[in-house]
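S.K.: One structure, pasted below without further comment.
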Amino acid sequence: MRKNIFFITLIIVSIAAPLFISNNFILRFATDILIFAILASAWNIIGGFTGYASFGNVVFFGIGAYSTSVLMSVSGLGFVVSFLLSGILAAFFAFIIGLPVLRLKGHYFAIATLGVAEAVKALVQNLDITEGNSGIYLPPPDLSVDGIYNFFFYISLVVLILLLLTTRLILKKKLGYNMIAIREDEDSANSMGVNTTMIKSISFSLSGFFTGLAGSIYAYQQGFIKPEPVFNVLITIKMIVMAVFGGLGSLFGPLIGSITIEVISELLSSYFLMAHTLFLGIIIVLTILFAPKGLIDVYGNKRSGLSYFLNNIKEHKV
Amino acid sequence: MTLQILINGILKGGLYGLMALGMSLIWGVMNIINIAHGAFIMIGSYVTFFLFNSFGIDPFLSLVFSVPVLFFLGFIVQKHIINMVIRAEIFITLILAFGIEIFINNTALLIFTADVRKVKVAYGASNFSFFGATIPYVRLIAFGFAILITIFLFILMSRTKLGRAIRATSQDLEGARLVGIKVSRIYAITFGIGTALAGAAGTLWAIIFPVTPTMGGGLTLKSFVVTIIGGLGTMLGPVIGGLTLGIIEAFGTNWFGTTFESLISFTILVIILIFMPKGILKSKKE
Amino acid sequence: MRLIKTLSIFLLILIFISGSNGLLFPKDIIKIGSAISFTGKHSRSGKLYIDSYNLAVEMINKKGGVKVGNKNYDLKIIYYDDKSDAMESSKLVDKLISNDKVDFLLGPYSSGITIPDSLIARRFRIPMIEGGGASGKIFNKGNKYIFGLLPPAGEYFKSTLEFLKTLKPVPGSIAILYADDKFDLSVGEGTKKIAEKMGFKIVIFEKYSEGQTDFTSVLTKIKMKNPEIILVGGHTEEALNITQQVKELNINPKMLSLTVGPSEADFRKALGKDAEYIYGVASWSTQMNFKGAIFKDTKEFISVFKKKFGYDPDYHNAAGVACVVVLKNAIEKAGSLNREKVRSNISATSLDTIYGKIRFSPNGQIQGTSIVLQILDNQVFEVFPNTNKKAIYPMPAWKKRK
């Protein structure tokens, strides 16, 4: 019930917000937060619920971004079509690459996905159709100035809501139970007759689909993209950190994580031109040490104050 | 020309091997993927640069400094940070190492600025001819050091009490505890050795290539590839992996062009992971 | 519920802080915005521009500011750190425009970041002057609001090729090596086109990945073909690596010329004696002497700059200063802060600056060519088209040097 109220309030506030905010930067900033929330929530499907920590999810982001660019500027398609196709292509790639890679476990899976992302980046840097490492333009949206900012805000919001609804739906169905069963103990899930390969592939593809959509929005918003920024491993790290910071394996955790981290880092960087770069590293270390279950758990846990944080350490140290 | 390419590949491969040695050790013993490995290499390079620049200490000699400094640093990091979460889910340590890497890199950017530094020794680029191929002295000496350090580590791990304790801990944690090994300490020492090796690699790197605070990321990725090719759990793995990667890269970039270097190495990484995840040395025994 | 509360507090803080920036300055100030790299991989080059922008603004304000009609305005730059990240940068340009309500924009560093930024400048019709991106891709989309002070990348080596034509005998074979980012891609392809038209034979034409450290592979190929001339389009770090590895592999071209590197103090410091005889190109060098607009001439600029920042300025710095000067001049000519008027005055610029005479092509990029430099006695000299010192050609072989 609490979750429902939270969800509905959030939707209403978000939809109404642009009507009261005339400042385009706030909208743009909110859009960036939404994009990261999509990335973190999509990572949560494969990393949080299914238990496969992908360190290469940025590859779907990059594929989404580049599909949109190529489809729009080379094939001359409209944005909506390119947008959907980008998501589908990213999902398809996730499915294909998932077949061999999802057989690996733990660190090997993490490194393999990271390797895939780096390999695809290197490939895009060498392809002619993507104009190599020199970057590619997208046609600008044919809208008024305010229209542009509203458009990107709402489309990101729609994708995020869809993603959260889908995740919620899945969690209530058999698919969700199976995903969690794989996370808890893959071997026994397998022996209980769960088709783990299929479940993992679906989970990975879903994650890829939404990440690809986010990449597509990003590319169209930027108007020009290069391989290095859209395949940057730091984006993967950011999505994982946001998911962990908010609360892994919970529906709203990643959303909360991305809002908090983006807002804090924006505040810090406008006041400390240089020193703010230390923030991300510090927050990762502190979160992992003291609150690895994220903000959601900090609020929801019975323990409070110092003893909560110390207990986390006690549980995991050697 | 083929000989020259082969030599280029082998000389670089030795350095790759040393770079991956520390990563492979830490991974094998504690099941931690040290993403910050490249950042530690970078610190090693800066130690060498500053000793050379401020006191005129020969870069090869500065191994004596960079190795202990990095050992100490790694010891502290493991003892006070990573040991705290080592029993959490596997990716927790991975993301923690990322946090440490980001922190080190950005601190280095603030302290050293992004200026490109170079250790400029008098014998810098001197070379000799060898059956028509040209061999730079520094690269050859660096290669020699890399092999020497690997042998030294091999002896340390197989012949000393410490080495046996480390191996015991990696094979059977509870068993090691029962016979009175202090696991947290062994872990800290192992991590320290790993970063000390990174420091040594950093020193050798700084003699051949320029140094910047952002150089670490790419080296971490290279170390991954080498570690995966060689496979975990043997001292020979990183050496073989390094030489393999060095030679494949040298020939590959010669045929396809220099821009294909990362495409080649990461394709190898993914293929090896999928088809022989234990590395090329062990694949036959499976 | 506690969560919602906390979140709303966060949002309130954000709105409060982002909204308040615009009110801090008194009215007689022209606000210029720049999102540029204070941190990250471009922070080194970013700093060159930040220093220059600051110096130019300081000098202008000291000399009475900008005269619009009969009122004097001071210039004030609002900076944000783009973290060397394109997404961050374009967001910050949005912030400069919507929150800080800046009047005009100065550019960031590197073509990859300049393009998304310039698209936002166009969206709001705010002129942006930049000195950190020279790729043709910035200017070929008909964006009327972006102006660049670096000459077209494709023509960087034109003066060098002309110089080669004056030699006797004219060298026959050239190797071209270039990084695969936008800027150097244009350098490589442009150079090839011009060289072939002039009748040179290109024996190696190869690109490498931006940030590459090991060049032994391609240099081995070059050694086999033994070209007389090696031309390189890349960045400082790569330039250092290439020069060292050319020596390591004992390759002895008659000329080794690099776009970025030789003109910078860092390069000479890092390579020491090995930097000797290396050729370079630049749109500007410290030996040139131009009459300036806010400085008396280039000489004065150099001495003021060195005193303030403690390093030798290079063409990045001169271009950075010129960006601000061009803007000041255009505002004064326009006689108002109206952005359209200022834009057309920038476009019509014809101004003597310490960076040289500035005029823009219709696409917004500066007209002008580059000059040939050579490092002689650890200093940079212009050797062509003006001969400040006689060029040493061919470069002595590595093993024959003392």
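S.K.: Beyond 26 Å, how much of the Cα-Cα pair distribution for chain B remains, as a whole percent?
M.R.: It works out to 42 percent of all Cα pairs.
S.K.: Just for the Cα atoms in the protein assembly as shown, what are the lengths along the principal axes, largest first, rounded to whole Å?
M.R.: The principal-axis extents, from largest down, are 81, 75, 51 Å.
S.K.: Near the amide H of C:VAL68, under 5 Å away, which other amide H atoms are found, from residues 5 or more places off or on another chain, if H is placed in the peptide plane?
M.R.: C:TYR73
S.K.: List nothing, just return the count: lysine pairs in the stretch A:157-313, 8 or more apart or interchain, with Cα separation under 20 Å.
M.R.: Lysine pairs meeting the criterion: 6.
S.K.: Follow-up. Compute the distance in nm between two label points, each set 7 Å from the Cα along the Cα-to-Cβ direction, one at B:PHE131 and one at A:ILE129.
M.R.: 4.5
S.K.: Let me ask something else. Convex hull volume of the Cα atoms in chain C, per residue, in Å³?
M.R.: Hull volume over Cα atoms, normalised by residue count, gives 154 Å³.
S.K.: With runs of 4+ DSSP H residues as the only contributors, calculate the mean residue ellipticity of the protein assembly as shown at 222 nm using -39,500 (n - 2.57) per run, divided by the residue total and rounded to the nearest 500.
M.R.: Estimated from H runs of four or more residues: -20000 deg cm²/dmol.
S.K.: Can you work out the Karplus-derived ³J(HN,Hα) for every residue in the stretch B:204-216? Use 6.51 cos²θ - 1.76 cosθ + 1.60 with θ = phi - 60°, whole Hz, and x for glycine or proline.
M.R.: 5, 4, 5, 6, 9, 10, x, 10, 9, x, 9, 6, x
S.K.: What nm value, rounded to one decimal, do you get for the distance between C:LYS357 and C:PHE309 when each label is placed 7 Å out toward the C-beta?
M.R.: 2.7
S.K.: With only alpha-carbon pairs counted, each pair once and no self-pairs, how large is the Kirkwood hydrodynamic radius of the stretch A:182-315 in angstroms?
M.R.: 17.5
S.K.: Which distance in Å, rounded to a whole number, links the C-alpha centroids of the stretch C:30-56 and the stretch A:26-87?
M.R.: Here the two parts' Cα centres lie 31 Å apart.
S.K.: Could you work out how far apart the two model spin labels at B:PHE275 and B:VAL64 are, taking each label as a point 7 Å from the Cα in the direction of the beta carbon, and quote it in nm?
M.R.: With each label point 7 Å from Cα toward Cβ, the separation is 4.8 nm.
S.K.: Applying the Karplus parametrisation 6.51 cos²θ - 1.76 cosθ + 1.60 with θ = phi - 60° to the phi angles of the stretch B:46-52, what ³J(HN,Hα) value in whole Hz is obtained for each residue in order, glycine and proline being reported as x?
M.R.: Here the 3J(HN,Hα) series is 5, 4, 4, 4, 6, 4, 5 Hz.
S.K.: Over the stretch C:115-233, consider all pairs of different Cα atoms and compute the Kirkwood hydrodynamic radius from their mean reciprocal separation; express it in Å, one decimal.
M.R.: Hydrodynamic radius (Kirkwood, Cα only) of the stretch C:115-233 equals 15.9 Å.
S.K.: Moving to a separate point now. Amide H neighbours of C:GLY107 under 5 Å, at least 5 residues apart or on other chains, H built in the peptide plane: list them.
M.R.: Answer set, sorted by chain and number: C:ILE129, C:GLU130, C:GLY131.
S.K.: Once the Cα atoms of helix B:2-30 and of chain B are each reduced to a long axis, what angle between those two axes, in degrees from 0 to 90 to the nearest 10, is obtained?
M.R.: 20
S.K.: Specify, per residue and in Å³, the volume enclosed by the convex hull of the alpha carbon atoms belonging to the stretch C:262-319.
M.R.: About 85 Å³ per residue, rounded to a whole number.
S.K.: Where is the GNM fluctuation largest for chain C (alpha-carbon springs, 10 angstrom cutoff): C:ASN317, C:ASN386, C:ASN252?
M.R.: Greatest mean-square fluctuation among the candidates belongs to C:ASN386.
S.K.: Same structure, new question: According to the Cα gyration tensor, what semi-axes, each the square root of 5 times an eigenvalue, does the equivalent ellipsoid of the stretch B:95-239 have, listed from largest to smallest in whole Å?
M.R.: 33, 23, 13
S.K.: Normalise the Debye intensity by I(0) for the stretch B:1-130, one equal point scatterer per Cα, no solvent, then take log10 at q = 0.14, 0.17, 0.18, 0.22 Å⁻¹ and round to two decimals.
M.R.: Those come out to -0.79, -1.05, -1.12, -1.37, one per q.
S.K.: Here's another thing I want to ask about it. Please compare each pair in C:LYS158/C:LYS225; C:LYS254/C:LYS402; C:LYS192/C:LYS221; C:LYS95/C:LYS328 to a cut-off of 25 Å on the Cα-Cα distance and tell me which ones are over it.
M.R.: In this structure, not one pair exceeds 25 Å between Cα atoms.
S.K.: Under the rule a/c < 1.5 gives rounded, and otherwise a/b versus b/c splits prolate from oblate, where does the stretch C:71-116 land using the Cα gyration tensor?
M.R.: Verdict is prolate for the stretch C:71-116.
S.K.: Tell me which trypsin sites (Lys or Arg not before Pro) from the stretch A:245-310 have a DSSP coil assignment and no more than 14 other beta carbons within 10 Å of their own.
M.R.: Taking the stretch A:245-310 and a limit of 14 other Cβ atoms within 10 Å, the loop trypsin sites (Lys or Arg not before Pro) found are A:LYS302, A:ARG303.
S.K.: Using alpha-carbon positions, what is the distance between the centroids of the stretch A:228-295 and the stretch A:98-149, in Å?
M.R.: Centre-to-centre (Cα) distance: 21 Å.
S.K.: Rounded to whole Å and ordered largest first, report the semi-axes of the equivalent ellipsoid of the stretch C:86-177 derived from its Cα gyration tensor (root of 5λ).
M.R.: Taking √(5λ) for each Cα gyration eigenvalue gives 37, 12, 10 Å.
S.K.: If each residue's Cβ is checked for other Cβ atoms within 10 Å, how do C:HIS42, B:HIS80 rank with the fewest at the top?
M.R.: B:HIS80, C:HIS42
S.K.: Once each part is reduced to its C-alpha centroid, what is the distance from the stretch C:340-402 to the stretch A:157-198 in angstrom?
M.R.: About 63 Å separates the Cα centre of the stretch C:340-402 from the one of the stretch A:157-198.
S.K.: Nearest 0.05, what FRET efficiency do A:LEU286 and C:ILE29 give at R0 = 30 Å with Cβ-Cβ as r?
M.R.: Here the calculated transfer efficiency is 0.15.
S.K.: Using a Gaussian network model on chain C with a 10 Å cutoff between Cα atoms, which of C:LYS328, C:LYS168, C:LYS192 fluctuates the most?
M.R.: Largest GNM mean-square fluctuation: C:LYS168.
S.K.: Who wins for biggest fluctuation among C:TYR279, C:TYR109, C:TYR80 in a Gaussian network model of chain C, springs between alpha carbons below 10 Å?
M.R.: C:TYR80
S.K.: Calculate the FRET efficiency for A:GLU184 and A:VAL80 from the Cβ-Cβ distance with a Förster distance of 45 Å, rounded to the nearest 0.05.
M.R.: About 0.70, to the nearest 0.05.
S.K.: Neighbouring Cβ atoms within 10 Å as the yardstick, rank C:LEU256, A:LEU114, A:LEU99 fewest first.
M.R.: In increasing order of surrounding Cβ atoms, one gets A:LEU99, C:LEU256, A:LEU114.
S.K.: Over chain A, what is the relative contact order in percent, taking alpha-carbon pairs closer than 8 angstrom and at least six residues apart?
M.R.: 29
S.K.: Another question about this same structure. Any of C:LYS182/C:LYS390; A:LYS105/C:LYS83; A:LYS314/B:LYS79 with alpha carbons more than 23 Å apart? Name them for me.
M.R.: Check vs 23 Å cut-off fails for C:LYS182/C:LYS390; A:LYS105/C:LYS83.
S.K.: Okay, moving on. Relative contact order for chain B: what is it in percent, counting Cα pairs under 8 Å that are at least 6 residues apart?
M.R.: Computed over chain B, the figure is 39 percent.
S.K.: Let me ask another. For the stretch C:309-381, divide the Cα radius of gyration by the Kirkwood radius and give the resulting Rg/Rh value with two decimals.
M.R.: With Rg and the Kirkwood Rh in hand, the quotient comes to 1.09.
S.K.: Helix B:90-112 versus the longest principal axis of chain B: what is the Cα-based angle in degrees, 0 to 90, to the nearest 10?
M.R.: 50
S.K.: Using the beta-carbon distance between C:ARG125 and A:PHE95 and R0 = 56 Å, what value does 1/(1 + (r/R0)^6) give for FRET efficiency, to the nearest 0.05?
M.R.: E(calc), rounded to 0.05, equals 0.80.
S.K.: Something else about it: Where q = 0.18, 0.19 Å⁻¹, what log10 of I(q)/I(0) comes from the Debye formula for the stretch B:158-286, counting one point per Cα?
M.R.: Scattering profile of the stretch B:158-286, log10 relative to I(0): -1.12, -1.18.
S.K.: Which shape class, rounded, prolate or oblate, goes with the stretch C:181-271 when its Cα gyration tensor gives a ≥ b ≥ c as root eigenvalues, a/c under 1.5 marks rounded, and past that a/b bigger than b/c marks prolate?
M.R.: Cα axes put the stretch C:181-271 in the oblate bin.
S.K.: Could you work out the mean count of beta carbons from other protein chains within 10 Å of each residue's beta carbon in A:21-33?
M.R.: Shielding by partners across A:21-33 averages 5.
S.K.: Still on this model: Can you work out the Karplus-derived ³J(HN,Hα) for every residue in the stretch C:338-355? Use 6.51 cos²θ - 1.76 cosθ + 1.60 with θ = phi - 60°, whole Hz, and x for glycine or proline.
M.R.: 4, 5, 5, 4, 4, 4, 5, 6, 5, 4, 8, 3, 9, 9, 7, 9, 5, 8
S.K.: Please state, rounded to one decimal and in Å, the Kirkwood hydrodynamic radius that the stretch A:1-155 gives when every pair of distinct Cα atoms enters the mean of 1/r.
M.R.: 17.8
S.K.: Whole percent per 5 Å bin, from 0 to the bin with the longest distance: what is P(r) over all C-alpha pairs of the stretch A:151-226?
M.R.: Calculated P(r), rounded to whole percents: 3, 14, 20, 18, 14, 11, 9, 7, 4, 1.
Only the coordinates and a few stated rules stand behind these numbers; no lab work does. Please read all numbers here as calculations on a predicted model, not as lab measurements. Please note: Cβ atoms are built from the backbone with ideal geometry, for glycine as well, and neighbour counts cover all protein chains shown.
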